1. Please count how many residues of region 145-186 are part of a loop (DSSP other than H, G, I, E, B) and surrounded by fewer than 24 Cβ atoms within 10 Å (Cβ to Cβ).
2. Restricting to region 128-141, name every residue that is surrounded by fewer than 19 Cβ atoms within 10 Å (Cβ to Cβ) and either under 15 Å from the mean Cα position of the chain (by Cα) or not polar (S, T, N, Q) (or both).
3. Which of the residues belonging to region 62-87 are surrounded by 16 or more Cβ atoms within 10 Å (Cβ to Cβ) and under 19 Å from the mean Cα position of the chain (by Cα)?
4. Starting from region 213-234, take each residue that is more than 20 Å from F257 (Cα to Cα) and list its partners that are modelled with pLDDT under 85, counting only C-beta distances under 8 angstrom and pairs at least six apart or across chains.
5. Out of everything in region 197-231 that is small (G, A, S), out of contact with any Ser or Thr (no Cβ under 9 Å at 6 or more places or on another chain) and closer than 24 Å to S292 by Cα, what residue ends up being surrounded by the fewest Cβ atoms within 10 Å (Cβ to Cβ)?
6. Do we find that A288 is touching a Phe, Trp or Tyr at 6+ places or on another chain (Cβ under 7 Å) and either assigned to a strand (DSSP E or B) or not charged (D, E, K, R) (or both) in this structure?
7. With respect to E84, is the statement that it is farther than 20 Å from S253 by Cα and in contact with a Ser or Thr (Cβ under 8 Å, 6 or more places away or on another chain) true?
Amino acid sequence: MALVLSLSGCGAVQRLVPRPAGAPTPTPSASPTSAAPTPSATKAALTAPQASQAVREWVGRYNATLKKRKWWRQNARLEALFVEGALHEGVLERNHETFGWKPGHKPINLTGAPTVYLPRPERQPSIGDWFIAQVTYADTKGHARPHVLAFFRSPGQSVKLAVATPVHWGQRMPEPLLDADGYVTDMDDAVARDVAEEYLNFWNGKKKEGASGYRLARNSYSRKAFRAVQKGLYVAFAGHGSVFGFRTADGGSFFLFAMVNDAKSVNQVLSEALLVPKGSRTIQELGANWFS
């Protein structure tokens, strides 16, 4: 029995992997999702129905904010909606205005109910709650498309978006490995770090793959994007945000995170939804999104 939120199951993500030293910080203080989770007995556990409702409420707040004139110029509005890589996306809208471009964010109209992947209550960090949601809405070209998003909620506050990406055409979210209570099994933190570091190595290093022992699949979005970006302006990624993920039912691993430039010169965010099959060191991209 899975409690993913069409209500066939309540699966969940697992530990957040701390960012490497020197990684950019989206907010003046340390990112709330960068801390390793510790059991908390002082806050009420977030339930799957509550998480699903929180997604809908966030979408409502997001759409209302997009109607505000130059919403990207007001830090309070950005910080009310976003953390981590998603917060950088809001900041990048200021660049769009400077260059006379149209805003990159569009209203979201959900199709169907969210599918929520929720950690066990005791695996949540003491500083808040987080979860992954799969939702369907129109992409930038107007096509209905599954998207995968990670959210964080500090005690007493509304949820905020940490990272989001559409799922590639022809791909789908993997089935999670559920425990006896219907929660998704912990991801392997060591694998998560290696996979995230491999993306930094690919984009920033002279050797484009293999430093961590992992490698990008030949048809990955990053390989195509790297060639395109190298023809124009490119600034190396300084680090990645928290890694969200879980073990899959067939023994593999799913990961979701965002890569960003140095906080003082952010001009791009790359969000990744990744799968490492059981026994493999090839990283398959299930989804990716470039925001610059």
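The values are calculated or read from the model by the stated rules, or taken from the named source; none is laboratory data. Values in this document were obtained by computation on a predicted structure and should not be read as measured data. With ideal geometry, Cβ positions are generated from the backbone for all residues, glycine too; neighbour counts draw on all protein chains shown.
1. Keep residues of region 145-186 that are part of a loop (DSSP other than H, G, I, E, B), which gives 154-159, 168-175, 177, 179-183, 185-186.
The next check asks that each one be surrounded by fewer than 24 Cβ atoms within 10 Å (Cβ to Cβ); those that pass are 154-158, 168-175, 177, 179-182, 185-186.
The qualifying residues number 20.
2. Here is the first cut: in region 128-141, the residues surrounded by fewer than 19 Cβ atoms within 10 Å (Cβ to Cβ) are 136-141.
Across region 128-141, the qualifying residues are Y137, A138, D139, K141.
3. Y62, L78, L81, F82, V83, E84, G85, A86, L87
4. L233/N267
5. In the first step, residues of region 197-231 are kept if they are small (G, A, S); the result is 205, 210-213, 217, 220, 222, 225, 228.
Now drop any that are not out of contact with any Ser or Thr (no Cβ under 9 Å at 6 or more places or on another chain), which leaves 205, 210-213, 220, 222, 225, 228.
Narrowing the set further to residues that are closer than 24 Å to S292 by Cα leaves 205, 220, 222, 225, 228.
On the way: G205: 13, S220: 22, S222: 22, A225: 14, A228: 10.
Among residues in region 197-231 that are small (G, A, S), out of contact with any Ser or Thr (no Cβ under 9 Å at 6 or more places or on another chain) and closer than 24 Å to S292 by Cα, the one surrounded by the fewest Cβ atoms within 10 Å (Cβ to Cβ) is A228.
6. Working: touching a Phe, Trp or Tyr at 6+ places or on another chain (Cβ under 7 Å): yes; either assigned to a strand (DSSP E or B) or not charged (D, E, K, R) (or both): yes.
Considered against the rule, which asks whether it is touching a Phe, Trp or Tyr at 6+ places or on another chain (Cβ under 7 Å) and either assigned to a strand (DSSP E or B) or not charged (D, E, K, R) (or both), A288 comes out as yes.
7. Working: farther than 20 Å from S253 by Cα: yes; in contact with a Ser or Thr (Cβ under 8 Å, 6 or more places away or on another chain): yes.
Taking the combined requirement at face value, the residue satisfies it.
Rundown of residues vs (1) assigned to a helix (DSSP H, G or I); (2) not polar (S, T, N, Q), yes/no style:
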position: A76; (1), (2): yes, yes
position: A80; (1), (2): yes, yes
position: A86; (1), (2): yes, yes
position: E89; (1), (2): yes, yes
position: E93; (1), (2): yes, yes
position: H96; (1), (2): yes, yes
position: G100; (1), (2): no, yes
position: I108; (1), (2): no, yes
position: T111; (1), (2): no, no
